[in-house]
Amino acid sequence: RPLANNRTIRRALLYGIHRELILNNELLGGTGLRGCRVISGPFSPGINDSDPLAYAVDPQLTPRAYDPRLSLTLASLARRELEKAAEAAGEKAHPLNLVIGYPSSPTARVACQAMVEQLALVGLNVTLKALPPGETRDVDHECDFTYTEVFLQEPVVDARRLLAHEGVAQSSDPYIALALRRLDEAANWTEVRDRLKDIHRIVHTDLTII
């Protein structure tokens, strides 16, 4: 959808969602749980530095911090971008109203309600749409974003399932597509590790996943 395809809007959302607060207070109930933390990309950094599953993560990338002032600025910038694009096309600018779909689970509902409240503080109007029971995808294309719970077990296998155009993220980014092709062509585990880290950097920069 056009609004979700705007990188400035995605950045405004990222900085306007206090993910650590949602994780620790809303989802974990104030009790820490080993291995549960906000991360910087699509793959798990593992429980510790020696965890073998951390091979897909670039350790130099850290999660972006909550910054409501920056989110407010980016939201204003996004509105101007939409107005200019509409003016150039001779159309009326659409209001910056976003819809987030979520599966019918208590965890998803609690997390999304917290997001809506936080984004309202930076002037972003977001409404929620519960997906039908058992559905995890917005098959009717009524949502700009969806809250998705994904089980990832092996990065080299899961990268395409998660990030490809036909995958969970349904990414149309040509850089993601190229990086996935290069991963498929990797001839050894050293190349696999390097190319997965490339994917991590692209996703982190482009905010393919928020």
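Quick look at the values:
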| quantity | calculated |
| --- | --- |
| Cα convex hull volume per residue for the chain (Å³) | 129 |
| Alpha-carbon spread of segment 1-122, three principal axes, descending order, Å | 56, 31, 27 |
| Solvent-accessible area, 1.4 Å probe, carbon plus sulfur percent, for segment 101-155 | 52 |
| Three-way shape label, segment 147-210, alpha-carbon gyration tensor, a/c 1.5 | prolate |
| Environment charge at Asn6 (Cβ cut-off 11 Å; Lys +1, Arg +1, Asp -1, Glu -1) | +3 |
| Solvent-accessible heavy-atom area per residue, rounded to whole Å², over segment 95-210 at 1.4 Å | 55 |
| D_trans [Stokes-Einstein, Kirkwood Rh over alpha-carbon pairs] for segment 15-66, 4 °C, 1.567 mPa s, µm² s⁻¹ | 107 |
| Accessible-area value, Lys84, 1.4 Å probe, nucleic acids and ligands omitted, Å² | 140 |
| Highest-fluctuation residue, Ser71, Ser44, Ser105 considered, GNM on the chain with Cα pairs under 10 Å | Ser105 |
| Per-peptide average of other Cβ atoms within 10 Å, ordering 181-190, 1-10 highest first | 1-10, 181-190 |
| Cα centroid of segment 135-210 to Cα centroid of segment 42-64, whole Å | 16 |
| Within a Gaussian network of the chain (alpha carbon springs, distance under 10 Å), most fluctuating of Leu33, Leu72, Leu21 | Leu33 |
| Candidates Asp198, Asp67, Asp140: whichever shows maximal mean-square fluctuation once the chain is modelled as a Gaussian network with Cα springs under 10 Å | Asp140 |
| Rounded tilt (10° steps) of 7-16 against the dominant C-alpha axis of the chain | 80 |
| Linear extension gain, Val150 paired with Asp67, 0.36 nm per residue minus alpha-carbon span | 27.3 nm |
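The values are calculated or read from the model by the stated rules, or taken from the named source; none is laboratory data. Source: prediction; values computed, not measured. Positions of Cβ are backbone-derived with ideal geometry, glycine not excepted, and every protein chain shown enters the neighbour counts. Protein only, heavy atoms only, side chains kept; ligands, DNA and RNA dropped before computing areas. Shrake-Rupley method; radii C 1.70, N 1.55, O 1.52, S 1.80 Å.
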